[in-house]
Structures are given as structure tokens and as C-alpha cells.
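Scroll down for the structure; my scribbles are underneath it.
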Amino acid sequence: MAAEYMHIGIPVTNRKPGMIYNEGAKFWVSNVDDYDFKIEYLKFEEGTPFPEVLHRNPHVAYRVDSLERYIAEADGVI
């Protein structure tokens, strides 16, 4: 299996400079290229469709060669 690191997502309670608002999904997001190690800061607004677990916990994102293979081996999928 091949996986390429994309970013680490960190939820925050205050907006960072340069964040962009996604009106449809009701969240703010930073550009991963603005920070060392490709950090993505996320600030969720009330009514966002994203699950609560993402509002409170960091995540690591990878580009994978076969999503189905990783899902089959995962303990859970958000």
C-alpha cells in the first residue's frame, strides 16, 4: 500500500490569519502551504455538517493508492 502525507488538521476556536470561509459547510480553513509541516487549521461554525469528533480532535490526511484497502483495515471511518 502506498500513502503520501497531505496535512495534519487541527481544530481551533479562534480564526487564524488568512483562513478562508466555506459557507456551504460552515467552517473556516487555513491553507496548508502557509505553515511548516502542512498544518491545516479548522474552525467549525454552528450547523456545520462535519461530525463532532472532527471539531475536537486533530486528524492526519494521506493520499492513498486504494481507499478501499485502507477502509477494510481501519478500526473505524469518520
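The values are calculated or read from the model by the stated rules, or taken from the named source; none is laboratory data. Source: prediction; values computed, not measured. Neighbour counts run over all protein chains shown; Cβ positions are idealised from the backbone, glycine included. For the accessible areas, the whole protein counts, side chains as well, though only heavy atoms, and no ligand, DNA or RNA atoms are used. Shrake-Rupley method; radii C 1.70, N 1.55, O 1.52, S 1.80 Å.
Some observations on this one:
- Within straight-line reach of residue 26, meaning a Cα separation under 20 Å, sit the following lysines at least 8 residues removed in sequence or on another chain: 16, 43.
- GluC sites (Glu not before Pro) lying in DSSP loop within the chain, provided at most 14 other Cβ fall within 10 Å: 23, 45, 46
- Among the chymotrypsin sites (Phe, Trp or Tyr not before Pro) in segment 9-46, those located in a DSSP loop and surrounded by at most 16 other Cβ atoms within 10 Å of their own Cβ are 35, 37.
- Full-extension gain in nm, residue 64 to residue 25, via 0.36 nm per residue minus C-alpha separation: 11.6 nm
- Ligands, DNA and RNA left out, the 1.4 Å accessible surface of segment 1-66 is 52% carbon and sulfur atoms.
- Backbone HN-Hα couplings from phi across segment 55-70 [Karplus 6.51/-1.76/1.60, Hz, Gly and Pro as x]: 5, 10, 10, x, 9, 10, 10, 10, 8, 10, 7, 8, 4, 4, 5, 6
- Relative contact order of the chain, defined on C-alpha pairs under 8 angstrom at six or more residues apart (%): 40
- Spherically averaged projected area of the chain from its Cα convex hull (nm²): 5.9
- Accessible surface calculations at 1.4 Å, restricted to protein heavy atoms, place the chain at 75 Å² per residue.
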